[in-house]
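Structure record follows, encoded as structure tokens.
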Amino acid sequence: MSSPPVPASIPVLRWAAYRARKTDIELELRFPKWPHWISGEARPTLKQLESFALFTHTPFGYFFLPEPPRLSLPLPDFRTLRDQELTEPSPELLDVIFLCQQRQDWYRDHARLHGESTLPFVGSANTDEAPSAVAQRMRETLRLSIQERCQMASWEAALRQLIARAEDAGVLVMTSAVVGSNSHRKLDVGEFRGFAMADTLAPLVFLNGADSKAAQMFSLGHELAHIWLGVSGVSDAIAGRVPLQKTERWCNQVAAELLMPMEDLHKVYNAQSPLQEELQRLARVFKVSTLVVLRRLHDAGFLSEDRLWHLYYAEQERLLKYVENRKAGGDFYRSLGARTSKRFARAVLASTLEGTTLFRDAYQLLGIRKSSTFLETARKLEVIR
């Protein structure tokens, strides 16, 4: 016996499809009566509507509202697109934030249970301070050496070190290009590059893993500046751009100084070298993107405003093509540590093996399904031997 038709709201059906970026062709292939649903000639059955809700990642109850709900981010929104306010968030961005909030709540309780001290650097800075002074304090807390980073073989190695030092200091750093472990729900770099969730026991930074490693370096520096400010928020930090919002402008300046200090730039800049060659060389030396280098060269007075933006837009286009052509992949267990933060994953694994956390809850927090995966992850992260 087929389930009866239900009075699903046509405006909400259209909104759900648009929000999930599903075309009419995709929807008609999956739901042959889709054109009739939105014309009002037919109604979906209960099972069809449940399937549609899953397909568009839309809460089922929304379909009985007369008009689409107005959704907003659960964090302050510092993003702008060409200085225009962005439209409402995608289901992917919202679900990633909700997942990170669950993880942060769990870790905060875990930290309290184990008597961990609050972190003094969270909220220790303000936007009236010189970015260079705050960047220096951050380098000291994170035990960062520009000389050491310059000697690293790749941007990936430098990023891994910066993440590891942030985690050693107490910051949970999570990097992923998808929602949880669902490879079908990809994150859009055009929507956001990262976000910070300030907390004195469980500060958390999320990086959009769809971005290039060099861009992730700058995003991490930017989001760590948010943690030092004690200000949570979603960002689309782009090196070189000067945001209108004071907080974002200040965080960009701190990130640039953290990764490419002006004093060091003056020491190594070669004015006799062709600009394009020098641009690539400095990016390799400091392990930052060429966009960061361009901005710093302008800040140092080595590049005019007109020359900066002429080169900037050409370089931005080249980097976007690089990111689009980059292939994902890698070791599952290593990427799981990156997706969930090694610090967080180790805490969940240890708590579960001790009997404090249920295996069911651990699986949900880590995005795994099998006990064999759980145990192998514990071995890879050296929780058990």
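One line per residue, one yes/no per condition, for (1) under 10 Å from A202 (Cα atoms); (2) modelled with pLDDT of 95 or more; (3) not in a loop (DSSP other than H, G, I, E, B):
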residue	(1), (2), (3)
L86	no, no, no
P89	no, no, no
D95	no, no, yes
F98	no, no, yes
Q104	yes, yes, yes
R108	yes, yes, yes
A111	yes, yes, yes
T118	yes, yes, no
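Which members of the range 32-47 meet the condition of being free of Cβ contacts under 8 Å to residues at least 24 places away in the same chain and either in contact with a Leu (Cβ under 6 Å, 6 or more places away or on another chain) or surrounded by 12 or more Cβ atoms within 10 Å (Cβ to Cβ) (or both)?
K33, W34, P35, H36, listed by residue number.
Every residue in the range 212-230 that is surrounded by fewer than 24 Cβ atoms within 10 Å (Cβ to Cβ) and either at pLDDT 95 or above or not in a helix (DSSP H, G or I) (or both), please.
S212, L229, G230
Among the aliphatic types (A, V, I, L, M) and under 11 Å from the mean Cα position of the chain (by Cα): is that true of V178 in this structure?
Considered against the rule, which asks whether it is among the aliphatic types (A, V, I, L, M) and under 11 Å from the mean Cα position of the chain (by Cα), V178 comes out as yes.
Filter the range 194-206 for residues that are surrounded by fewer than 24 Cβ atoms within 10 Å (Cβ to Cβ) and under 9 Å from the mean Cα position of the chain (by Cα) and give the result.
If the condition is that a residue be surrounded by fewer than 24 Cβ atoms within 10 Å (Cβ to Cβ) and under 9 Å from the mean Cα position of the chain (by Cα), then no residue fits.
For the range 130-190, list the helices (runs of 4 or more DSSP H) that sit wholly inside it and hold at least 3 residues that are among the acidic types (D, E); which are they?
155-169
Any residue at all in the range 251-266 that's over 24 Å from M174 (Cβ atoms), of a type in the set (D, E), touching a helix residue (DSSP H, G or I) at 6+ places or on another chain (Cβ under 6 Å) and part of a helix (DSSP H, G or I)?
The answer is yes; a qualifying residue exists.
Based on what the data block shows, is F55 under 29 Å from A196 (Cβ atoms), crowded, with 16+ Cβ neighbours inside 10 Å and not assigned by TED's automatic domain parsing to the domain that holds D236?
no
Is it fair to say A20 is out of contact with any Phe, Trp or Tyr (no Cβ under 7 Å at 6 or more places or on another chain) and either of a type in the set (G, A, S) or exposed (fewer than 13 other Cβ atoms within 10 Å of the Cβ) (or both)?
yes
Taking V96 as the residue in question, decide whether it is assigned by TED's automatic domain parsing to the domain that holds Q216, touching a Pro at 6+ places or on another chain (Cβ under 6 Å) and of a type outside the set (K, R).
no
Exactly one of (1) at pLDDT below 95; (2) within 17 Å of G230 (Cα to Cα) is unmet by A157. Its number?
(2)
With respect to F78, is the statement that it is free of Cβ contacts under 8 Å to residues at least 12 places away in the same chain, farther than 30 Å from R346 by Cβ and touching a helix residue (DSSP H, G or I) at 6+ places or on another chain (Cβ under 6 Å) true?
Against the criterion (free of Cβ contacts under 8 Å to residues at least 12 places away in the same chain, farther than 30 Å from R346 by Cβ and touching a helix residue (DSSP H, G or I) at 6+ places or on another chain (Cβ under 6 Å)), F78 does not qualify.
Filter the range 134-150 for residues that are of a type in the set (A, V, I, L, M, F, W, C) and either in contact with a Pro (Cβ under 8 Å, 6 or more places away or on another chain) or loosely packed, with under 12 Cβ neighbours inside 10 Å (or both) and give the result.
Correct list: A135, I146.
The values are calculated or read from the model by the stated rules, or taken from the named source; none is laboratory data. Worth saying up front: this structure is predicted, and the values here are computed from it rather than measured. All Cβ positions, glycine included, derive from the backbone under ideal geometry; neighbour counts span all protein chains shown.
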